[in-house]
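Here is the structure we will look at.
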Amino acid sequence: MKINGTEYCSLWEENSKALSISAIDQRLLPFRLEIAKIASYKEMVMAIKEMTIRGAPLIGIGGAYAIMLALQEIVQNKQPFEKINEIISEIRSARPTAVNLMWAVDRVASKIDFSLSVEENYERSLQIARQIYSEEVRACKQIAKSGFDLIENLYSKYQRPLNILTHCNAGWLATVDWGTALAPIYYAHRKEIPLHVWVDETRPRNQGAKLTSFELLGENIAHTIIADNTGGLLMQTGKVDAVIVGADRVTSKGDVCNKVGTYLKALAAKEHNIPFWVAFPTSTIDWEISDYREIPIEERPSEEIDYIEGEYLDKICKVRITPTGSKSLNYAFDITPNQFVSKYITELGVFDSIQSLKDESFT
Ligand code: MRU
């Protein structure tokens, strides 16, 4: 997808003396376009924790490459191979909610074979990380096409420009390319369906205001940033035709864990009979969990509530917006139970439930 007319991916390999990873530093957008160089597994863990890279599918890819980086370091520094087990747990727990991280790390880790040399294991881990990377790009392109059918149907029904609301950032920055929730929007735009996107700012880190708007600008898609609480009024007054969000973990029953605030939009959409669509690759389904209360909800530093970050006189700075002495609580995700989801959009197609996805695709 484009930034100022140039095609970008959110993360890619860099090969000089040793293999390293380059990624767009998402903490600095939309003010600066800087590339973070990630040359060790520790740097990747920090990049995930501090949200240099973020979004469920992207942190999965970051986690997979982190194992490759760790094995490369073990070879270079002649460290004991057994160290890798401890390192894998460290990478796996860099962020707790998005299951894509654990899914990708486990996929690479399951191929580690202590009867082979570290060098051979390094090669294996690199191949699997590359495989996950290209599979996720393919899945996002397929999500674009699956979701397009829903948008096209809505356009045939209304015969006027559509207004679609989205929360957080589930675009190409949150994946490698295309995105999840934004992918059908990009595809529909290319197919000349006229549409406009309501972008929830998504407090406290403002991924909507900073990243989704930045992505939509790059693709010339009409959009308007709104305060998170505005969605209800817009839905009540007929200004929203559909809501589309991504997901960080979907239970086997179809309950959706996504950026905090998603649930309130789903409640309002249900009340106003507005379709509420969730788009994700199947790597986001946690088949082990049927009870959403088992999903670990990340609690992030209260500083993210107390300070707001922006640009002032060409400098990126933080200002305090709460009184010193007041407590703040920063849950990063919430749960939207399955009865609020109208459609699940995946690389395998569009489904009414996770059970129907399973029946049609996995049996
Ligand atoms: O905390 P973040 O910015 O990593 O959260 C991201 C989201 O909640 C996205 O909506 C989700 O990961 C879907 S990404 C395609």
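The values are calculated or read from the model by the stated rules, or taken from the named source; none is laboratory data. Owing to the predicted nature of the structure, the values given are computational and were not obtained by experimental measurement. Reconstructed Cβ throughout: ideal geometry from the backbone, glycine too, with neighbour counts over all protein chains shown. Surface areas here come from the heavy atoms of the whole protein model, side chains and all, with no ligands, DNA or RNA. Shrake-Rupley method; radii C 1.70, N 1.55, O 1.52, S 1.80 Å.
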* To do: Pull up all non-local amide H partners of I3: gap of 5 or more, or a different chain, and H-to-H distance under 5 Å with H placed in the peptide plane.
  => Y8
* Structure fact -> Going residue by residue through region 31-40, the Karplus relation 6.51 cos²θ - 1.76 cosθ + 1.60 with θ = phi - 60° gives ³J(HN,Hα) values, rounded to whole Hz and with x marking Gly or Pro, of 7, 9, 9, 10, 9, 8, 9, 10, 10, 9
* To do: Of the DSSP beta bridges with both residues in region 144-361, give the percent that are antiparallel, rounding to the nearest 5.
  => 45
* Structure fact -> Per the charge dipole of the chain (beta-carbon charges, Lys/Arg positive, Asp/Glu negative, Cα centre), the residue among Y158, M1, L19 reaching farthest to the positive end is Y158
* Structure fact -> Per GNM of the chain with C-alpha springs under 10 angstrom, the most fluctuating residue out of P204, P57, P281 is P204
* Structure fact -> Phi-derived 3J(HN,Hα) across region 324-335 with the Karplus relation (6.51, -1.76, 1.60, θ = phi - 60°), rounded Hz, x for Gly and Pro, is 5, x, 7, 8, 9, 10, 10, 6, 8, 9, 9, 10
* Can you sort E347, E50, E192, E299 by 1.4 Å-probe accessible area, starting with the largest? => E192, E299, E50, E347
* Structure fact -> Expressed as a percent, the accessible surface of region 76-137 that is carbon or sulfur, using a 1.4 Å probe and the full set of protein chains, is 51
* Structure fact -> Checking S328, S115, S302 against a Gaussian network model of the chain (alpha-carbon springs below 10 Å), the top fluctuating residue turns out to be S115
* 1.4 Å probe accessible area per residue over the chain, in Å² -> 44
* Amide proton proximity set for H196, modelled H, under 5 Å, gap of 5+ -> L162, N163, I164
* Counting only residues 5 or more places away or on other chains, whose amide H sits under 5 Å from the amide H of E347 once H atoms are built in the peptide plane? -> T282
* To do: Could you please state how large a percent of the accessible area of region 144-361 is carbon and sulfur, counting protein chains only and using a 1.4 Å probe?
  => 49
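If you place +1 on the Cβ of every Lys and Arg, -1 on the Cβ of every Asp and Glu, and leave all else neutral, what size is the dipole of the chain about its Cα centre, to the nearest 20 Debye?
Using only the charged Cβ atoms, the result is roughly 580 debye.
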* To do: Order the following by accessible area, largest value first: F333, F114, F31. Probe radius 1.4 Å; ligands, DNA and RNA are ignored.
  => F114, F31, F333
* Asked: How would you order 311-317, 349-355, 336-342 from highest to lowest mean count of nearby Cβ atoms within 10 Å?
  -> 336-342, 349-355, 311-317
* Asked: Of the residues Y158, Y331, Y41, which exhibits the maximal mean-square fluctuation in a Gaussian network model of the chain defined by a 10 Å Cα contact cut-off?
  -> Y158
* **Out-of-range pairs (alpha-carbon distance over 30 Å; input K239/K327; K2/K145; K145/K210; K318/K343; K37/K191)** => K239/K327; K318/K343; K37/K191
* **Of every Cα-Cα pair in region 2-135, the percent that sits beyond 27 Å** => 16
* Hey, can you rank 271-280, 255-264, 235-244 by average C-beta count inside 10 Å, highest first? -> 255-264, 271-280, 235-244
* Does region 144-361 come out rounded, prolate or oblate by the C-alpha gyration tensor, with a ≥ b ≥ c the root eigenvalues, rounded set by a/c under 1.5 and, if not, prolate when a/b is larger than b/c and oblate if not? -> oblate
* Asked: Between the helical axis of 118-158 and the dominant principal axis of the chain, each derived from Cα atoms, what acute angle in degrees is found, rounded to the nearest 10?
  -> 10
